[in-house]
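The values are calculated or read from the model by the stated rules, or taken from the named source; none is laboratory data. All figures in this text were calculated on a predicted structure; none of them were measured in a lab. So basically every Cβ, Gly included, is an ideal-geometry build from the backbone, and we count neighbours across all protein chains shown.
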Ligand code: ADP
């Protein structure tokens with residue numbers, strides 16, 4: 001699925017973030033930037049050890065912030081490491097932190113002339129954020145940013161499983177109709 005926002009595009013695909021050829025891919029990292037499971041493990045495995053070496057002096061990265069490294073052996077030239085919130089009950093600032101995590105990643109992309117980037121579904125794996133709510137925050141934050149920032153040409157969400165893909169698709173349809 002693909003929608004246009006002014007001159008830019010938001011795309012949803014089912015797939016593996018490590019295979020993307022966008023200028024940058026976004027890592028759902030943790031505050032120590034020391035690797036882990038899920039997206040984080042897959043990116044370090046595919047990208048090789050140089051990414052971890054670059055991460056070391058950039059840690060810690062508090063929830064909501066983002067850090068930039070090279071892409072090592074990945075097709076993407078850059079990796080934007082961001083840390084989403086661990087979901088507790090939705091009353092511990094989780095929505096604001098998740099929004100900040102997307103926004104910080106986009107701001108870092110703009111600053112470094114990154115034109116296309118691929119996001120995973122931040123916080124909805126090990127960090128247990130409910131996918132419906134996370135999708136709404138992810139898509140509305142990206143949509144709002146693209147309206148103001150035409151320098152970003154493409155934001156692609158790379159969803160790993162069918163269920164997450166379908167929820168993002170439904171949410172994007174709802175948000176597009178509501179415009
Ligand atoms: P978090 O700790 O922020 O919750 P996770 O990596 O545990 O991050 O999970 C975030 C989402 O990314 C989940 O939907 C998970 O299924 C998905 N995911 C895991 N591996 C990959 C991958 N290689 N490419 C894209 N998405 C992935």
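Worth pointing out:
- Restricting region 105-116 to residues that are more than 14 Å from the ligand (Cβ to nearest atom), assigned to a helix (DSSP H, G or I) and in contact with a strand residue (DSSP E or B) (Cβ under 7 Å, 6 or more places away or on another chain), the residue that is farthest from residue 21 (Cα to Cα): 108
- Residue match in region 105-112 (condition: farther than 26 Å from residue 163 by Cβ and touching a helix residue (DSSP H, G or I) at 6+ places or on another chain (Cβ under 9 Å)): yes
- The strands (runs of 3 or more DSSP E) found entirely in region 1-104 that carry 3 or more residues being farther than 22 Å from residue 129 by Cβ are 2-5, 66-70.
Okay, residues lined up against (1) at pLDDT below 95; (2) farther than 19 Å from residue 108 by Cα; (3) surrounded by fewer than 20 Cβ atoms within 10 Å (Cβ to Cβ); (4) within 14 Å of the ligand (Cβ to nearest atom):
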{"position": "10", "(1), (2), (3), (4)": "no, no, no, no"}
{"position": "36", "(1), (2), (3), (4)": "yes, yes, yes, yes"}
{"position": "47", "(1), (2), (3), (4)": "no, yes, no, yes"}
{"position": "66", "(1), (2), (3), (4)": "no, no, no, yes"}
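- Of 68, 106, all but one fail to be farther than 15 Å from residue 40 by Cα and touching a residue at least 12 places away in the same chain (Cβ under 8 Å); the exception is 106.
- Reported count of residues in region 117-152, each being away from the ligand (no atom under 11 Å from the Cβ), more than 13 Å from residue 90 (Cα to Cα) and surrounded by fewer than 20 Cβ atoms within 10 Å (Cβ to Cβ), is 10.
- Conditions (1) closer than 16 Å to residue 13 by Cα; (2) more than 16 Å from the ligand (Cβ to nearest atom); number of the one not met by residue 171: (2)
- Hey, residue 81 over 13 Å from the mean Cα position of the chain (by Cα) and at pLDDT 95 or above or not: no
- Matching residues in region 22-52 - criterion: being farther than 23 Å from residue 113 by Cα, without any contact (Cβ under 8 Å) to a residue 24 or more places away in the chain and out of contact with any helix residue (DSSP H, G or I) (no Cβ under 9 Å at 6 or more places or on another chain): 40, 41, 49
- Pairs are defined by a Cβ separation below 6 Å, a sequence spacing of at least 6 or placement on different chains, a first member in region 115-137 that is closer than 13 Å to residue 160 by Cβ, and a second member that is part of a loop (DSSP other than H, G, I, E, B) and at pLDDT 95 or above; the pairs so defined are 118/20; 118/22; 122/84; 131/124.
- Summed over region 153-166, the residues that are within 11 Å of the ligand (Cβ to nearest atom) and part of a loop (DSSP other than H, G, I, E, B) give a count of 2.
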